[in-house]
Amino acid sequence: MKQNYDIFTKASFCRHFENNVFENIEKKKITIPVYLSAGQEYISATLSEIINTNHRIKPLIFAQHRCHSIYLNFGGNPSLLIKELLGKKDGCTYGMGGSASIHSPKINMFGHDGHMGTQAPIGVGACFSSKKPTIVFLGDASAEEDYVLGAIGWASTKKLPILFVVEDNNLSILTEKKVRRNWEMDDVAKSFKMKGYNLNDDPNSIYKISSIFFKEPVLININTNRLYWHSGAGQDSKETFDRFKAEMKKLGKKAENIDKDIKMKVSKLWKKHLEKL
Ligand SMILES: Cc1ncc(C[n+]2csc(CCOP(=O)(O)OP(=O)(O)O)c2C)c(N)n1
Ligand SMILES: [Mg+2]
């Protein structure tokens with residue numbers, strides 16, 4: 001399927017972007033707190049392909065701190081993000097948002113305020129008042145905040161064109177979900193009388209349910225893996241399942257060549273910006 005290569009291409013861009021961020025944290029070129037999204041990029045790569053490209057919808061986007069891939073996949077300009085991470089005034093958030101609060105009116109993305117889960121009531125409010133298709137991205141931990149649950153209830157009551165996406169990496173910093181709770185977010189959605197799904201980050205499983213997006217409120221909890229530390233450049237375990245690598249293996253030689261090309265392009269882009277420092 002052609003589309004699988006398009007999703008792979010987007011994910012590859014994000015992966016190499018994040019690997020360059022990683023390197024430049026280590027080299028101390030980036031000195032702000034950074035939340036790397038490597039490992040989770042297939043979720044927004046797939047959703048943006050379905051929503052922007054297939055459905056031709058440009059939704060309002062409310063994300064939280066781990067949002068580089070969301071910005072890049074939904075059409076954010078990578079140069080402006082590089083500048084943002086380097087603290088430049090002409091970065092996507094004027095050098096004031098950094099990694100955690102990426103803001104871009106151009107792609108309808110609203111910067112996060114740093115309080116886990118506030119993007120849910122704010123996103124629901126924006127959707128309620130504008131009736132525009134809206135995506136609220138949550139982490140599995142921020143989804144536990146009481147105000148998130150109230151917001152989901154209101155979205156269901158008012159039948160808003162909203163998609164809640166829980167990027168469930170099983171972790172709140174280093175605390176696993178099983179320590180924190182005995183329930184799942186798709187059950188919460190169903191108890192509020194809206195559709196809820198618990199999926200993995202295989203693009204095909206997301207595609208299968210995508211025809212209902214924005215026709216009614218929907219919550220998808222997508223199980224995924226964070227490859228690097230909660231914040232900064234480091235790796236807890238090298239054993240983590242990597243969706244990006246699994247898809248590359250599945251798609252074969254053509255994907256490997258796409259990936260090589262993109263790796264070079266992204267490195268060149270970073271180099272161009274670093275030379276100006
Ligand atoms: C209201 C609030 N409580 C606690 C924190 C501290 N904090 C920042 S990120 C984080 C974990 C977030 O986990 P999750 O929502 O699953 O996102 P992930 O980092 O896994 O992508 C915590 C506890 C915060 N920023 N806001
Ligand atoms: Mg988490």
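Readers should treat all values here as calculations from the given coordinates under stated rules, not as data from a laboratory. What you are looking at is a predicted structure, and each value in this text was computed from that prediction instead of being measured. Backbone-built Cβ (ideal geometry, glycine too); neighbour counts: all protein chains shown.
Figures for the structure shown
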item	result
Theoretical gain in end-to-end length, residue 212 to residue 89 [0.36 nm per residue, Cα-Cα removed]	40.3 nm
Long-range HN-HN contacts of residue 166 with modeled amide H, under 5 Å	138, 220, 221, 222
Per-peptide average of other Cβ atoms within 10 Å, ordering 69-76, 126-133, 31-38, 183-190 highest first	69-76, 31-38, 183-190, 126-133
In order through segment 98-114: 3J(HN,Hα) via Karplus (6.51 cos²θ - 1.76 cosθ + 1.60), integer Hz, x for Gly, Pro	x, 6, 8, 10, 5, 10, 8, x, 4, 10, 6, 9, 9, x, 7, 8, x
Near-label residues of segment 5-32 by backbone N, under 14 Å of a point 7 Å along Cα→Cβ of residue 265	5-17
Rounded to 5, the percent of DSSP beta bridges in the chain classed as antiparallel	10
Cross-link partners of residue 190 among aspartates and glutamates (Cα-Cα below 15 Å; sequence separation of 8 or more within a chain)	216
5 Å-binned pair-distance histogram of the chain (Cα, whole percent)	1, 6, 13, 18, 20, 18, 13, 8, 3, 1, 0
Filter on 27/254; 58/89; 10/263 - keep pairs with C-alpha separation over 23 Å	27/254; 58/89
Segment 118-267 - share of DSSP beta bridges that are antiparallel (%, nearest 5)	10
Segment 1-129, Cα convex hull volume normalised per residue, Å³	102
Contour minus Cα-Cα distance for residue 106 and residue 173 (0.36 nm per residue)	21.1 nm
Protection proxy ranking of 51-58, 103-110, 147-154 - average other beta-carbon atoms within 10 Å, highest first	147-154, 103-110, 51-58
Translational D in µm²/s for segment 215-277 (Stokes-Einstein at 10 °C, 1.306 mPa s, Kirkwood Rh from C-alpha pairs)	104
